[in-house]
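Working notes, structure below.
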Amino acid sequence: MAYAMKAPATSADDRIVAIYVRVSTGYQVDKDSLPFQKKELKAYCKHILHVDMSRVEIFEDAGRSGKNTKRPAYERMMQKVRAGLVSHVLVYKIDRISRNLVDFSLMYDDFKYNRVTFVSLNEQFDTSSAIGEAVLKIILVFAELERKLTSERVKDIMIGRANEGKWNGARVPYGWDWDSSAGWPVHSKKEAPFGRAMYEMYLEVKSTGKIRDYNNAHGIPTKRGGEWTSKTVGDFLRNPMNKGDYRYNYRESARGRKKPIDEVVYLEGVFEPLVDPEIWEKVNKIMDINRDKRNMCGSHPVEKNCNVFAGLIQCGSCGSGYLVGKKDKRRKNGFTPSMYYCSAKTRAIHCQNLNVSDVKIGPFAINYISAMVRVSNERRKVKTPEDLEEMLLSDKAVFADIMGLSSDSLNSTFELLTGKSATGGALWRADLVDQEGAAADPAEIESLKDQIRKYERAKERLEDAYYFSDDGMSEKEYLEKKNRFDSWRVAAENKLKELTETHIASGVDESAFMKSASAFLLTHKIRAGSHIVYSDLAGMVEEESIKEFFNLVLDHITVKDRRVTEIVFANGLSHKFIYRD
């Protein structure tokens, strides 16, 4: 969702008055709570605010909880608030819009920034006055307290049931089915045999990755019919229910952080074991040893890796993206190539396309881009498509195995280069990495700086609420909000960089100078027109600069059998390569 933080573009008289109504259950809907809320709030708009009713817009969430902000109408309203299109937000009661202090604080920051007055009819206050704003926050504290007390009562009941060995209604895990007549989980006739086989297999191969690959290759589905991952295999093998024990209240949520041991309910021998408890213990002991080995390997400081072609490589066999494997050994010249593999290798597709590394991709990509730049600079020499093909593939040290380009690739590039294309447009230029930006608007720069500061403050408040509140939010909610703030901040920082970045100037810090120097060296190498030894270049130039360059120029690279079969540039131009057998 876009987060356009800018001052409202319209006057208060032109902006809408937003009425927000919500109920959380079907019972409330049947009792006409929504019509009642709308009726009262419309009357307030007409008789107290004296606004033209054509300016009033209603945002309605029926059957939605107020514990978080994942509500369609609420999100639509907040988009208009952030776009500066709203002058007032009216609710019947404060807990109709939010029952969570953290969410409300973030929402209210948006209101204040965009000059939106917040009115709650039932509590009889509006935030246009200081006392109204203070009362608002006090009321919200009690609204959240009520929600937490209700949650604690439900939690106590569930834990009481678990201590009595009663099932609390969660989805049964892999290997088990729900017996509605008995009201109890039982061994699954379909899944239990596969589950037992996984334990036996792990004792032999000692790898969740190999079990994952076997399951996917043999069409063994997960509980939800999806594909296996190392984590889903590990979670199944770790589940104490498979040896007959009952564990409840183990995590904050399905994927949340683990709870303190004194809060966990653990009862032995509640279920009929799916697998022999001795086998379960052997498997988990091996998994513990493997985990400790991995932790030991990761306990030493490791230099942060940059994988130049991450996200740029596509599989020519199945169309999946390539993932980063591992870094190879560092060469004497400083070059440390990355390995990449087809993501479908670990899925049911079980793609057999070969792995590829920077050793193959790097020289091809950099020298082909260099050839494109050279052709663009010497376009007068290009009289025919054959001339173009010869110039593009003239570096026999890299392109010796290529017979030529596909006809459509060659003709479309020739037309674009010679100006015969119907759409026109310019070919790639070497100044992509060192061109000067246009003069920036000082007001826009200050606005971006304000946005960045606001995102940083909001993130600090979010972290305080997460780390210092016992149960303010789950780990998932925290990470979602944190990632959202980070992405907004990075977007603002990138925009600011575009507006203010120029060539190397006096007074810049060392890191900025190095990046500028790397970009300059990369550009110089491309403009030189001769063969580029990629390993030497990668050893001298910062990998981040090379990665930024390729991401600027390329959309993706398609590979098959360790050969580059297609390069698609950022402007959509595609070059397909025909190889000799």
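The values are calculated or read from the model by the stated rules, or taken from the named source; none is laboratory data. Everything numeric in this text was worked out from a predicted model, so none of it was measured. Positions of Cβ are generated from backbone atoms using ideal geometry, with glycine treated the same way; all protein chains shown enter the neighbour counts. What goes into the accessible areas is simple: the full protein's heavy atoms, side chains included, and nothing from ligands, DNA or RNA. Shrake-Rupley method; radii C 1.70, N 1.55, O 1.52, S 1.80 Å.
Quick one: length gained pulling ASP387 to LYS329 fully straight, 0.36 nm per residue minus the C-alpha distance? Please list the in-between numbers first.
Numbers: separation 58, 0.36 × 58 = 20.88 nm, distance 4.03 nm.
Roughly 16.8 nm would be gained on extension.
Rolling a 1.4 Å sphere over the protein heavy atoms, what is the accessible area per residue of the stretch 308-405, to the nearest Å²? Before the final figure, lay out each step's value.
Details: 4590 Å² over 98 residues.
Spelled out: the 1.4 Å probe surface of the stretch 308-405, per residue, equals 47 Å².
Pull out the extension gain between LYS223 and LEU552, defined as 0.36 nm times the separation in residues minus the alpha carbon to alpha carbon distance; nm, one decimal.
Values: separation 329, 0.36 × 329 = 118.44 nm, distance 4.15 nm.
Once the chain is fully extended between LYS223 and LEU552, it gains 114.3 nm.
List every residue whose amide H lies under 5 Å from the amide H of HIS88, counting only residues 5 or more places away in sequence or on a different chain, with H placed 1.01 Å from N in the peptide plane.
ALA18, THR117
Strictly over 26 Å apart at the Cα level, which of LYS282/LYS327; LYS360/LYS381; LYS223/LYS243; LYS259/LYS327 would you flag in this model? Display every interim value, and only then the final one.
On the way: LYS282/LYS327 33 Å; LYS360/LYS381 30 Å; LYS223/LYS243 19 Å; LYS259/LYS327 36 Å.
The answer is LYS282/LYS327; LYS360/LYS381; LYS259/LYS327.
Would you mind checking which residues have amide H under 5 Å from ASP555's amide H? H placed 1.01 Å from N; only 5 or more apart, or other chain.
Here VAL568, PHE569, ALA570 satisfy the definition.
Taking H as built 1.01 Å from N, whose amide H comes closer than 5 Å to the amide H of LEU274, not counting residues under 5 places away?
LYS243, GLY244
At 7 Å along Cα-to-Cβ for each site, give me the label-to-label distance between ALA62 and ASN122 in nm.
In this crude label model, ALA62 to ASN122 measures out at 1.9 nm.
Between ASP109 and LYS189, what length comes free when the chain is fully extended (0.36 nm per residue of separation minus the Cα-Cα distance, one decimal in nm)?
Values: separation 80, 0.36 × 80 = 28.80 nm, distance 5.45 nm.
Result: 23.3 nm gained on full extension.
Calculate one ³J(HN,Hα) per residue across the stretch 112-117 by plugging θ = phi - 60° into the Karplus curve 6.51 cos²θ - 1.76 cosθ + 1.60, and present them in order as whole Hz with x for glycine and proline.
Values per residue, Gly and Pro as x: 5, 5, 9, 6, 9, 8 Hz.
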